[in-house]
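Here, each number is a calculation from the coordinates, and none is a lab measurement. Nothing here was measured: the structure is a model prediction, and the numbers come from that model. Cβ sites come from the backbone with ideal geometry, for glycine too, and all protein chains shown count toward neighbours.
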Amino acid sequence: MLKFELEPNDENLKETIRKNILRRNSKLVMLSKLLVNAKENLTISVDGLWGSGKTFFIKQFKYLVDHIEDYIDNSIINDDDKQSLKNLHETNIIVYYNAWENDMHTNPLESLIYNILNEYPKMKNQIADFKDFKKMLKSFCRDFLYSASGKLFDINNLDQINSFDDLEKNIKTIEKKKTAFNKLVDEILEDKLRLILIIDELDRCKPTFAVEMLETIKHFYTNDKITIIVSTNNSELSNTIKNYYGSDFDGYGYLNKFYDFIISLEIKDIKIYLQNQLNFCNRPFIYHDLSYLVMNYFDFSLRECNRFVIFYNMLKEYIESEKHFNKDLYYINACIFVPIALALKIKDVNKYNLFISKKGEKIITDFLYSEIIGTDYQRWLGEIIKFENTNDFKKRILDTYYEIFNTEYSYERFPFFEAISLLGTQILIDSKENNANN
């Protein structure tokens with residue numbers, strides 16, 4: 001089955017910027033201009049709901065900075081903005097760190113340092129002499145840690161460093177840690193460079209690791225040559241902080257004091273994403289049009305759009321059938337009830353269970369009379385389904401909805417429950433036969 005999750009590989013990063021599929025190129029440029037002028041320590045938040053594409057955005061940013069020379073067309077990035085990105089590339093090293101993949105580490109500071117050191121192969125062209133760098137690294141480790149036997153930790157082969165669990169017991173005082181860390185940063189960056197450290201997925205980490213990571217950033221990453229970008233869902237992260245410190249603790253207030261800037265990632269137009277990335281809703285087609293309205297009504301994230309289209313394609317033979325002889329009845333089911341059921345299945349399983357249990361009248365009417373539908377779509381539906389008059393609109397649709405629960409065999413009956421059951425969720429049918437089986 002075709003997966004629609006947009007993987008942040010080089011090809012996808014390049015094409016989504018070139019076509020501006022996510023309509024975020026302007027924010028990528030804005031972030032670069034903000035960072036190219038940075039002269040002091042900064043902590044920036046890239047904030048968005050789960051599924052809004054935060055990881056993809058920051059990887060787009062890193063890709064664009066590293067490959068700005070590939071974008072010749074001024075309609076994508078104009079010359080002034082290209083110059084800002086070039087300057088950023090020349091004066092900054094960007095390191096990406098996935099906190100969720102590393103929250104098994106017992107100490108965030110060592111985990112971050114290990115990640116920075118692992119990025120060394122990407123930095124080697126910016127270090128004047130590899131031998132000098134290794135001497136500096138040994139000096140750093142001599143100041144930073146020591147073993148119980150008094151021997152230096154062997155870091156001659158960085159690839160063999162797999163864990164900091166054994167180091168935690170051997171770390172010296174906090175002040176010496178800060179001094180050693182700043183020395184490492186200065187040696188890596190030299191005089192003219194800055195470090196941009198991207199910390200991603202912090203809201204998904206274990207609460208202890210997430211809070212300790214924030215405290216580590218606050219206390220250790222104060223070097224004026226460092227910019228930190230925290231990509232996270234601040235609403236969820238604030239709840240994590242609150243649960244860690246206690247119900248009376250102000251998680252939002254904590255984060256507001258922590259960040260210097262907050263960049264919010266909203267979804268400007270999911271239709272563009274559906275058309276360009278998912279090849280959905282890119283031509284006049286009643287099934288796609290109504291599905292798009294449903295996704296828009298339920299305020300879908302990009303990830304939720306992906307799931308909807310996967311589900312839709314699984315049921316395509318049911319939804320887009322041209323063989324059914326009772327088209328009026330079929331359109332109501334295929335164009336209204338199935339998209340609503342799919343959306344609820346993704347967005348709110350409790351409402352989904354109400355909907356498939358003959359208790360979805362309010363859900364249906366709220367959608368049909370929402371601003372997103374409007375009178376034009378009501379009129380359009382009326383013409384397609386051949387309502388006798390506009391007053392018959394609500395009654396006809398609700399009557400059809402209740403008819404779904406009629407378990408008597410009928411050639412006109414849309415295979416509603418059979419179709420949705422393909423998605424693996426238990427369907428509760430209000431019938432004597434179903435009650436007997438239970």
Report summary line: Taking Lys and Arg as +1 and Asp and Glu as -1, residues besides D47 with C-beta under 14 Å from its C-beta add up to -3
Query raised in the report: Alpha carbon centre of segment 17-48 versus segment 229-291: separation in Å?
Result: 16
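For L354, L278, L202, which order do you get if you count the other beta carbons within 10 Å of each Cβ and list the fewest first?
The fewest-first ordering by Cβ neighbours comes to L354, L278, L202.
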**Report entry** Distance (nanometres) between label positions extended 7 Å along Cα→Cβ at S264 and M30
**Finding:** 1.1
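Hey, fewest Cβ within 10 Å first, where do H288, H219 land in order?
Lowest to highest Cβ neighbour count: H219, H288.
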